[in-house]
1. So which residues in segment 64-83 are in a helix (DSSP H, G or I) and either under 18 Å from Tyr96 (Cα atoms) or basic (Lys, Arg) (or both)?
2. Test Val230 against the criterion of being crowded, with 18+ Cβ neighbours inside 10 Å, more than 16 Å from Phe326 (Cβ to Cβ) and touching a Lys or Arg at 6+ places or on another chain (Cβ under 8 Å), and give yes or no.
3. Please work out if Arg331 is out of contact with any Cys (no Cβ under 9 Å at 6 or more places or on another chain), surrounded by fewer than 12 Cβ atoms within 10 Å (Cβ to Cβ) and under 19 Å from Leu208 (Cα atoms).
4. Scanning segment 101-112 for residues that are surrounded by 12 or more Cβ atoms within 10 Å (Cβ to Cβ), modelled with pLDDT of 80 or more and not polar (S, T, N, Q), which turns out nearest to Trp67 (Cα to Cα)?
5. Can you tell me which residue within segment 233-256, out of those that are without any contact (Cβ under 8 Å) to a residue 60 or more places away in the chain and under 21 Å from Ala199 (Cα atoms), is surrounded by the most Cβ atoms within 10 Å (Cβ to Cβ)?
6. Just name the residue that is nearest to Arg59 (Cα to Cα) out of those in segment 89-118 that are hydrophobic (A, V, I, L, M, F, W, C) and within 40 Å of the chain's Cα centre (by Cα).
7. Within segment 271-326, count every residue that is surrounded by 15 or more Cβ atoms within 10 Å (Cβ to Cβ) and of a type in the set (D, E, K, R).
8. Here is a list of conditions, (1) within 24 Å of Leu291 (Cβ to Cβ); (2) assigned to a loop (DSSP other than H, G, I, E, B); (3) of a type in the set (A, V, I, L, M); (4) in contact (Cβ under 8 Å) with a residue 12 or more places away in the chain, and Ile219 meets all of them except one; can you say which number that is?
Amino acid sequence: MALSIETLPRSPSLLQSTKLMPVLCPVCTECAMQNLTLPSRAQRQLAKLHLDDLQADVRRRLQWFDWHARHGENVSLTCRHFGISRQTFYRWQQRYNPQDLRSLGDHSSRPRKVRQRTWTPEEVVAVRNLRERFPFWGKAKLAVLLLADGIRLSVSRVGRILSYLKRTRQLREPLRRTSAQRRPWQRPYATRKPRSYVARAPGDIVQLDTMDVRPEPGIVLKQFTAVDVVSRWSVPTIVSRATAALAVRALENLIARMPFPVRAIQVDGGSEFMAHFEEFCRTHSILLFVLPPRSPKLNGCVERLNRTYREEFYNCSTATPTVAGFQHDLRRWEHIYNHIRPHQALGYLTPAQFLAHRHQEELSRTY
């Protein structure tokens, strides 16, 4: 009876047991089917059936060696073509057995010799009872208490016993655990800045931040730094502490000393920008945007300005390191920053010059 593709078994193991194929190579059908008296189309179909049963990683590695044989057996060329290292190719070449394609499959990485449990049931019971009595004490403390009871166990062995008890669910953990996280403060007015809100005119967004001022060891003052993101106009306020009441004073100075109306304030999640500060923004119809946690880059203008104040003012100031001592010099530096110091982001114009040019452009468009 003549053989046909329908009469051959579909399983690779059964296919090999028929002894019609001494070597089964699903990638290179010529060498795999040379002993079968089947048409070439049937040979390709049979090889494809076996190739589909193989795992993806085995099929990929078979492609390495087939391509390697058809391109002059150049290891460097094969490795560059498939993006693998020479060590990887040689390792799988040593494992490869053409008579058994399973040799190209992933093997278990479990060590031949593994650590065996050497603790006794009495030690397990002692560790479990002590841990259930003191559920939040670690292995080091438990080892000391066990030694006091006459049971000498190393800290690592106590840890392995605890891991075994947890893995086998023999350890009773406490049911109630208090959370160490702080309760999130409810913000009745402040919101996240919408994506659609873009600062196009001076006063659309004014970034406000708190900066530590350490002029001498043991002296810590605070500065509220405000900067407009469009014109870069800045208003600093030096205070003794960062509280909500003093933040309101800084906001009042900001509104009074900026030459344009303030429509929105952007702050981080500091407590000084809550309570009275938030209520002041609400009563004066000023939008208050709060940054997401750990996102100082979203307040990049004021963060960079804090560095400018440190380097160009506080590092050069000879004033008395107090709030009253810095007050006069800081106002003078505010004038220098807004009217004299060229700003790179404004094309080396000062904030005052930028506002003047913008005002002239608006008048020219009006008339």
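The values are calculated or read from the model by the stated rules, or taken from the named source; none is laboratory data. Just so it is clear, the model here is predicted, and its values are computed rather than measured. No Cβ is skipped: glycine too gets one built from the backbone with ideal geometry, and neighbour counts run over all protein chains shown.
1. Those that are in a helix (DSSP H, G or I) and either under 18 Å from Tyr96 (Cα atoms) or basic (Lys, Arg) (or both): Trp64, Phe65, Asp66, Trp67, His68, Ala69, Arg70, Val75, Thr78, Cys79, Arg80, Phe82.
2. Values: crowded, with 18+ Cβ neighbours inside 10 Å: yes; more than 16 Å from Phe326 (Cβ to Cβ): yes; touching a Lys or Arg at 6+ places or on another chain (Cβ under 8 Å): yes.
Spelling it out, Val230 is indeed crowded, with 18+ Cβ neighbours inside 10 Å, more than 16 Å from Phe326 (Cβ to Cβ) and touching a Lys or Arg at 6+ places or on another chain (Cβ under 8 Å).
3. Details: out of contact with any Cys (no Cβ under 9 Å at 6 or more places or on another chain): yes; surrounded by fewer than 12 Cβ atoms within 10 Å (Cβ to Cβ): no; under 19 Å from Leu208 (Cα atoms): yes.
Spelling it out, it is not the case that Arg331 is out of contact with any Cys (no Cβ under 9 Å at 6 or more places or on another chain), surrounded by fewer than 12 Cβ atoms within 10 Å (Cβ to Cβ) and under 19 Å from Leu208 (Cα atoms).
4. Ranking the qualifying residues of segment 101-112, first place goes to Leu104.
5. Only one residue tops the list, namely Leu251.
6. Of all residues in segment 89-118, those hydrophobic (A, V, I, L, M, F, W, C) come to 89, 92, 101, 104, 114.
Those still in the list that are within 40 Å of the chain's Cα centre (by Cα) too: 89, 92, 104, 114.
Values: Phe89: 15, Trp92: 13, Leu104: 9, Val114: 32 Å.
This residue is Leu104.
7. Total meeting the criteria: 4.
8. Result: Ile219 passes all but (1).
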